[in-house]
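The values are calculated or read from the model by the stated rules, or taken from the named source; none is laboratory data. Note that the structure is a prediction, hence the values are computed from the model and not measured. Glycine also receives a Cβ, built like all others from the backbone with ideal geometry; neighbour counts cover every protein chain displayed.
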Amino acid sequence: MQLTTIVLVAAQAIAIMALENRALPVHTADRIYHTIIDQSPFLVERTSTITWTESTSIIDTSLPTEAPTPTISY
C-alpha cells in the first residue's frame, strides 16, 4: 500500500515537471513606417518590432460560434 502511494506521487511529480518545461511559441511582427525627414535621402523607412509569447487561454464553450442573426424592429 505504501509503495503504491509513493509510486503514484512520483508519477504525478514527473508529469507536473514535464508540463512546466514545455516551451510556448514566440511570435514577432515587424511594422514598417515610411517617414519623411529633413536630411537626405528625405524618405526613410522606420521599423518597430512587437514580440509576444502565446499563452494558454480559457475558451468558454457555452458561447455560440456562429454569427448572430440580424433582427429588424419597427
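Among residues of segment 49-74 being more than 22 Å from the chain's Cα centre (by Cα) and aliphatic (A, V, I, L, M), the one that is modelled with the lowest pLDDT is ALA67.
Table: residues versus (1) of a type in the set (Ser, Thr, Tyr); (2) modelled with pLDDT under 80; (3) assigned to a helix (DSSP H, G or I); (4) surrounded by fewer than 10 Cβ atoms within 10 Å (Cβ to Cβ).
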| site | (1), (2), (3), (4) |
| --- | --- |
| ALA23 | no, yes, no, yes |
| ILE32 | no, no, no, yes |
| PRO41 | no, no, no, yes |
| THR47 | yes, no, no, yes |
